[in-house]
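Colleague: The structure follows.
The values are calculated or read from the model by the stated rules, or taken from the named source; none is laboratory data. It should be emphasised that the depicted structure is a prediction, and the values quoted were computed from it without experimental measurement. Reconstructed Cβ throughout: ideal geometry from the backbone, glycine too, with neighbour counts over all protein chains shown.
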Amino acid sequence: LSQGGQSHRDMRRGEDYMARALHLARRGLYTTDPNPRVGCVLVRGGQVVGEGWHELTGEAHAEIHALRAAGEAARGATAYVTLEPCSHYGRTGPCAKALAEAGVAEVVAAMRDPNPQVSGRGIAMLEAAGVATRVGMLEEDARALNVGFISRMSRSLPWVRLKMAMSLDGRTAMASGESKWITGERARRDVQHLRARSSAILSGVASVMRDDSRLTVRAEQLDIRLRCSATRVSHERGLRQPLRVIVDSTLSLPTASRCLSEPGRSLVATVSPGGPGALEQRDHFRRREALVAAGAEVVTLPAAATGQVDLEALMRYLADTEQCNEVLLESGSRLGGAMLDAGLVDELVIYMAPVLMGDRARGLLTLTGLETLSQRRRLSIDDVRAFGPDWRIIARPVGD
Ligand code: AOF
Ligand code: ZN
């Protein structure tokens, strides 16, 4: 074989190892938040000598698990890692140092770590220790797996998915507001998976009140196995409840709402009492105290021109203060529309049921400033898949 042919084949094999590392990383889909999902494969002489993935926040990184599995066989090996090895002393020591000390000869990373504490320093640390490095193998897949982590690290915003159910004629609720259930069991189970991978579930007070939504992940509805190498990770320990975030500018959420007594945290996002009267202030603080007594946390955020919670400020708060990577927006047409209008939706996840609801039913989204067809919002459809009788459409807003 010619040189060229050989290296082409080696590269293909390299991609297979990286694909394996990505496969391992996906096992952390529901358990590593707010950390990224990371996988690592150690290869020596064409043999996999160690594998690992990041299992739980605060515990060992992928590289450490793989090094432990390989033992002495790590010497001279190539490490395929889905994210640049870390260089910082965080909850664990720097993986770049551990890889170099174990005698790993080469590190192939799918992507640079967007975490400013690391970004490039892990690679530099390896190079300084005489380890060969390469970055960018199967990078697109690696980025897709940690889209929320990358978003939070690089723009201080979470990755927001807007999830809605609609009829074939694009309606999401009857005129009365009735909307349970448009889609079937399979689609609803898929939503449970979307919730489980999210850091937070965001909704508006109106829809939470109308449906008395729990906004929780129900383990029994997930067909996932939480796979951790060590003895211990039970569903209870591994499966977090995403933070529930309820936008409620007037603090009208009833204290008896079901979501307030579910496991996990409920955060009510509001604005300072707007009215000039002292009574209004008193009323606001009384409601606030009652909600806190009922188990909610209340955060006061800047108001937009409308007097309601400034949605961009809320998203920044979720990224910076709450470390939210992926946010699932499950609400009605108003909050969904307002988030889209504010340019805060990154992905639409629409479940379309084979039913017609007629033109007296409510349309999918309330959008402003749409008078002529030239003002229509453009999307790209990235994926279409069947869930039982329903279809899931994943679309993204595209800029002009
Ligand atoms: C992970 N798992 O396998 C790798 C990570 O809080 P710490 O100390 O666990 O550090 C988290 C940071 O480490 C994370 O933001 C990312 O930049 C880097 N790499 N993190 O959780 C891993 N390799
Ligand atoms: Zn690390």
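Colleague: Looking at the stretch 80-109, which of its residues are of a type in the set (G, A, S), out of contact with any Gly (no Cβ under 6 Å at 6 or more places or on another chain) and either modelled with pLDDT under 95 or more than 11 Å from ligand 1 (Cβ to nearest atom) (or both)?
Modeller: Hits for the stretch 80-109 are G90, G93, A100, A102, G103.
Let's see how each residue does on (1) over 19 Å from the mean Cα position of the chain (by Cα); (2) modelled with pLDDT of 95 or more; (3) part of a helix (DSSP H, G or I); (4) surrounded by 15 or more Cβ atoms within 10 Å (Cβ to Cβ):
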{"residue": "S176", "(1), (2), (3), (4)": "yes, no, no, no"}
{"residue": "K180", "(1), (2), (3), (4)": "yes, no, no, no"}
{"residue": "R189", "(1), (2), (3), (4)": "no, no, yes, yes"}
{"residue": "S207", "(1), (2), (3), (4)": "yes, no, yes, yes"}
{"residue": "E236", "(1), (2), (3), (4)": "yes, no, yes, no"}
{"residue": "L260", "(1), (2), (3), (4)": "yes, yes, yes, yes"}
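One line per residue, one yes/no per condition, for (1) of a type in the set (V, I, T); (2) within 12 Å of ligand 2 (Cβ to nearest atom); (3) over 21 Å from the mean Cα position of the chain (by Cα):
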{"residue": "V38", "(1), (2), (3)": "yes, yes, no"}
{"residue": "R68", "(1), (2), (3)": "no, no, yes"}
{"residue": "S87", "(1), (2), (3)": "no, yes, yes"}
{"residue": "A105", "(1), (2), (3)": "no, no, yes"}
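Colleague: Something else about it: Being more than 12 Å from ligand 2 (Cβ to nearest atom) and over 20 Å from the mean Cα position of the chain (by Cα) is the filter; apply it to the stretch 50-61 and report the residue that is farthest from A142 (Cα to Cα).
Modeller: Filtering the stretch 50-61 for residues that are more than 12 Å from ligand 2 (Cβ to nearest atom) and over 20 Å from the mean Cα position of the chain (by Cα), the one farthest from A142 (Cα to Cα) comes out as G50.
Colleague: Now a separate question. Would you be able to tell me the number of residues in the stretch 279-332 that are more than 13 Å from L253 (Cβ to Cβ) and assigned to a loop (DSSP other than H, G, I, E, B)?
Modeller: Going through the stretch 279-332 one residue at a time, the tally reaches 15.
Colleague: So E55 ticks every box in (1) in a loop (DSSP other than H, G, I, E, B); (2) near ligand 1 (Cβ under 8 Å from one of its atoms); (3) touching a Cys at 6+ places or on another chain (Cβ under 6 Å) but one. Which box is left unticked?
Modeller: The single condition E55 does not satisfy is (2).
Colleague: Are any residues in the stretch 119-130 under 29 Å from the mean Cα position of the chain (by Cα) and either buried (at least 18 other Cβ atoms within 10 Å of the Cβ) or of a type in the set (K, R) (or both), and if so, which ones?
Modeller: Result: R121, G122, I123.
Colleague: Further, regarding this structure: Answer with yes or no whether E347 is under 18 Å from the mean Cα position of the chain (by Cα) and closer than 20 Å to G170 by Cβ.
Modeller: Values: under 18 Å from the mean Cα position of the chain (by Cα): yes; closer than 20 Å to G170 by Cβ: yes.
When the stated conditions are applied, E347 passes them.
Colleague: Name every residue in the stretch 139-167 that is out of contact with any Ser or Thr (no Cβ under 8 Å at 6 or more places or on another chain), in contact (Cβ under 8 Å) with a residue 60 or more places away in the chain and farther than 30 Å from S203 by Cβ, in order of residue number.
Modeller: Selection gives D141 alone.
Colleague: Here is a follow-up. Among the numbered criteria (1) more than 8 Å from ligand 1 (Cβ to nearest atom); (2) at pLDDT below 95, which single criterion is violated by L22?
Modeller: So L22 meets the others, but not (2).
Colleague: Can you tell me how many residues within the stretch 342-373 are more than 19 Å from G399 (Cβ to Cβ) and in a strand (DSSP E or B)?
Modeller: Residues meeting the conditions: 7.
Colleague: Any residue in the stretch 51-64 that's over 16 Å from L99 (Cβ atoms) and in contact (Cβ under 8 Å) with a residue 60 or more places away in the chain: show its pairings with residues that are in a loop (DSSP other than H, G, I, E, B) and within 8 Å of ligand 2 (Cβ to nearest atom) at Cβ separation under 8 Å, as long as the two are six or more apart or on different chains.
Modeller: Matching pairs, first to second residue: none at all.
Here's the yes/no breakdown for (1) within 15 Å of ligand 2 (Cβ to nearest atom); (2) in a loop (DSSP other than H, G, I, E, B):
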position: V48; (1), (2): no, no
position: E72; (1), (2): no, no
position: A79; (1), (2): yes, no
position: L99; (1), (2): yes, no
position: M111; (1), (2): yes, yes
position: N115; (1), (2): yes, yes
position: S119; (1), (2): yes, yes
position: A124; (1), (2): yes, no
position: R134; (1), (2): no, no
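Colleague: Right, next: Of the numbered conditions (1) within 11 Å of ligand 1 (Cβ to nearest atom); (2) crowded, with 16+ Cβ neighbours inside 10 Å; (3) under 17 Å from R143 (Cα atoms); (4) at pLDDT below 95, P116 fails exactly one; give the number of that condition.
Modeller: (2)
Colleague: I'd like to verify a number: residues in the stretch 35-46 that are in a loop (DSSP other than H, G, I, E, B) and touching a residue at least 40 places away in the same chain (Cβ under 8 Å), how many?
Modeller: Residues flagged as in a loop (DSSP other than H, G, I, E, B) and touching a residue at least 40 places away in the same chain (Cβ under 8 Å) within the stretch 35-46 amount to 4.
Colleague: Right, next: Count, please, the residues in the stretch 131-147 that happen to be crowded, with 21+ Cβ neighbours inside 10 Å and closer than 20 Å to L379 by Cβ.
Modeller: Counting residues in the stretch 131-147 that are crowded, with 21+ Cβ neighbours inside 10 Å and closer than 20 Å to L379 by Cβ gives 0.
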